[in-house]
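Chemist: Dumping the structure here so I can ask a few things about it.
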Amino acid sequence: MTFLTPIIVLSSVCLVLGILLVLADKFLADYGECKFVINGEKEFTVRGGSTILSYLSANRIFIPSACGGKTTCGLCKGRVVTDIGPLLPTERPFMSKEEVADNTRLLCQVKVKKDTEIFIPEEYFLVKEFMSEVISIEPLSHDTKLFRFKLLDPAEIKFKPGQFVQFRIPKAGEERAYSVASCPNNSGCIELIVRLVPGGLCTTFMFNKLKVGDSIYLTGPYGDFYLREETEDPIICVAGGSGSAPVRSIITYLREKKSERKIISFYGGRTPKDIYFTEHYAEVAKDLKNLTHIPAISEPEDGDGWNGETGLITEPMERHLGDLSNYEAYMCGPPAMLHFCTLLLKKHGIDENRIYFDEF
Ligand SMILES: Cc1cc2nc3c(=O)[nH]c(=O)nc-3n(C[C@H](O)[C@H](O)[C@H](O)COP(=O)(O)OP(=O)(O)OC[C@H]3O[C@@H](n4cnc5c(N)ncnc54)[C@H](O)[C@@H]3O)c2cc1C
Ligand code: FES
């Protein structure tokens, strides 16, 4: 017996008690019928005991919920006016001080156990569910594919370049977020650029099982990462990995609009095999005269045939960028990349309020 034994025993007892409480709440508790009110205007009577997120989707109100309730996305936020108990440890990492103060909660975590009133952004009422058909699947690189969906019902979607949709995994029912890679003007079709996450539920399904002709439910549009069109100011785009999808939508849209905005677009990968769309952007630049597209790799090797920019994406950015005080920036990629890019852009004089990003 070591000094750790009592700690192990105590932890095991707590774990068992915790599991028993969860099971008792799931199978024994009866919360009866509860009034569920949304934004003071929509009222439903529901059988208590399930999460707020599940009542919303049962009533065809779709809110962003990219991890299917696994508390990794933190997107399913809403303000719960009714006192439903303290913030859960699973919610805390996603909440700012202001959100804690105004009772913002993760709606996949909290349950309706009595009459409950919530507030969600009005734009969520515009989100629709689309039945679609897969019309093509194209490899872009060793781990990335472009999936094209024809919308069947409804047959058209309205979205802003940069926004995302959610892909519902058949049978599993869970959804994952994917930025739309196509142009909003092509409203009958949605293109997604998806990078395989080894062992990932959705991407494994998409890469190994999904085929042309399959029917898929998508919901959307979601998100406040989208092209601002109030000005003609120049733009910096920065993308890492699958972050190229929303940037492609933004640039394609500007091309169709015959925009004269100056655009400098950086795309970072690790090795040459991560880089795609170089020819595509060379073609786009024939119409969009003010576009400069700069791919870069962070791990060049002798004999890899790469003649382009090298270094972490901030290095080519530093080499190419001057004063950015009149620019706006659109960035998409992993959190660490976005952090360092933000520091660099601010150093070059960009207004922090004009840096827009999606992390993934
Ligand atoms: C707003 C938004 C837009 C997005 N747009 C795109 C897009 O355009 N293209 C795209 O490919 N993805 C995009 N994503 C990521 C996407 O939603 C999924 O998270 C991703 O495809 C993994 O899903 P999965 O079900 O295969 O993996 P899961 O089963 O959810 O995860 C399996 C494991 O992999 C880890 N994991 C999840 N994602 C990653 C990752 N990216 N890298 C490394 N490990 C990971 C998880 O933590 C978990 O441990 C976006 C996410 C958000 C929030
Ligand atoms: S945290 Fe992802 S759905 Fe709630």
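The values are calculated or read from the model by the stated rules, or taken from the named source; none is laboratory data. Given the structure is predicted, the values throughout are model-derived calculations rather than measurements. Positions of Cβ are backbone-derived with ideal geometry, glycine not excepted, and every protein chain shown enters the neighbour counts.
Chemist: List pairs: first residue in the range 112-137 and assigned by TED's automatic domain parsing to the domain that holds Val80, second residue assigned to a helix (DSSP H, G or I) anywhere in the structure, Cβ distance under 7 angstrom, at least six positions apart or on different chains.
Modeler: What qualifies is Val112/Ile52; Val112/Tyr55; Ile118/Ile52.
Chemist: Can we say Phe149 is away from ligand 2 (no atom under 16 Å from the Cβ) and among the aromatic types (Phe, Trp, Tyr)?
Modeler: Values: away from ligand 2 (no atom under 16 Å from the Cβ): yes; among the aromatic types (Phe, Trp, Tyr): yes.
Here the answer is yes, as Phe149 does meet what is asked.
Chemist: Moving on. Within the range 93-102, is there a residue that is over 22 Å from Pro170 (Cα atoms), without any contact (Cβ under 8 Å) to a residue 40 or more places away in the chain and within 11 Å of ligand 2 (Cβ to nearest atom)?
Modeler: Applying the first criterion (over 22 Å from Pro170 (Cα atoms)) to the range 93-102 yields 93-102.
Subset that is without any contact (Cβ under 8 Å) to a residue 40 or more places away in the chain: 93-102.
After this cut, where a residue has to be within 11 Å of ligand 2 (Cβ to nearest atom) as well, the list is 93-94.
Yes, because at least one residue in the range 93-102 is over 22 Å from Pro170 (Cα atoms), without any contact (Cβ under 8 Å) to a residue 40 or more places away in the chain and within 11 Å of ligand 2 (Cβ to nearest atom).
Chemist: How many residues are in contact with a Pro (Cβ under 8 Å, 6 or more places away or on another chain) and among the aliphatic types (A, V, I, L, M) when one looks only at the range 315-360?
Modeler: 0
Chemist: Determine whether the range 52-59 contains at least one residue that is over 19 Å from Tyr222 (Cα atoms) and surrounded by fewer than 19 Cβ atoms within 10 Å (Cβ to Cβ).
Modeler: no
Chemist: Only residues that are within 16 Å of ligand 2 (Cβ to nearest atom) and part of a helix (DSSP H, G or I): list them for the range 184-219, please.
Modeler: Within the range 184-219, the first condition is being within 16 Å of ligand 2 (Cβ to nearest atom), and the residues that meet it are 197, 200-202, 219.
Scanning the range 184-219 gives Leu201, Cys202.
Chemist: Tell me the residue from Ser141, Ser136 that is more than 16 Å from ligand 2 (Cβ to nearest atom), assigned to a strand (DSSP E or B) and more than 20 Å from Ala66 (Cβ to Cβ), please.
Modeler: Working: Ser141 fails: assigned to a strand (DSSP E or B).
Within the list Ser141, Ser136, the selection yields Ser136.
Chemist: Taking into account only those residues within the range 94-117 that are β-branched (Val, Ile, Thr) and within 23 Å of the chain's Cα centre (by Cα), which is surrounded by the fewest Cβ atoms within 10 Å (Cβ to Cβ)? Explain how you work it out, then say what you get.
Modeler: Just the residues of the range 94-117 that are β-branched (Val, Ile, Thr), to begin with: 100, 104, 110, 112, 116.
Among the residues that remain, those that are also within 23 Å of the chain's Cα centre (by Cα) are: 100, 104, 110.
Numbers: Val100: 14, Thr104: 19, Val110: 22.
Filtering first and then ranking leaves Val100.
Chemist: Here are the criteria: (1) surrounded by fewer than 21 Cβ atoms within 10 Å (Cβ to Cβ); (2) in contact with a Ser or Thr (Cβ under 8 Å, 6 or more places away or on another chain); (3) without any contact (Cβ under 8 Å) to a residue 60 or more places away in the chain. Tell me which single one Glu229 does not satisfy.
Modeler: Of everything listed in (1) surrounded by fewer than 21 Cβ atoms within 10 Å (Cβ to Cβ); (2) in contact with a Ser or Thr (Cβ under 8 Å, 6 or more places away or on another chain); (3) without any contact (Cβ under 8 Å) to a residue 60 or more places away in the chain, Glu229 misses just condition (2).
Chemist: Next up: Being away from ligand 1 (no atom under 16 Å from the Cβ) and either out of contact with any strand residue (DSSP E or B) (no Cβ under 7 Å at 6 or more places or on another chain) or in the same structural domain as Pro170 (by TED's automatic domain parsing) (or both): is that true of Phe36 here?
Modeler: On the way: away from ligand 1 (no atom under 16 Å from the Cβ): yes; either out of contact with any strand residue (DSSP E or B) (no Cβ under 7 Å at 6 or more places or on another chain) or in the same structural domain as Pro170 (by TED's automatic domain parsing) (or both): no.
For Phe36, the condition - away from ligand 1 (no atom under 16 Å from the Cβ) and either out of contact with any strand residue (DSSP E or B) (no Cβ under 7 Å at 6 or more places or on another chain) or in the same structural domain as Pro170 (by TED's automatic domain parsing) (or both) - is not met.
Chemist: Enumerate the pairs (first residue in the range 233-251 and outside any helix (DSSP H, G or I); second residue anywhere and at pLDDT 95 or above and of a type in the set (Ser, Thr, Tyr)) with beta-carbon separation below 6 Å, excluding pairs fewer than 6 apart on the same chain, so at least 6 apart or on different chains.
Modeler: Pairs that qualify, where the first residue is outside any helix (DSSP H, G or I) and the partner is at pLDDT 95 or above and of a type in the set (Ser, Thr, Tyr), are Pro234/Tyr327; Ile236/Tyr327; Cys237/Ser265; Cys237/Tyr330; Ala239/Tyr267.
Chemist: Just name the residue that is nearest to Phe360 (Cα to Cα) out of those in the range 184-240 that are near ligand 1 (Cβ under 10 Å from one of its atoms) and polar (S, T, N, Q).
Modeler: Thr203
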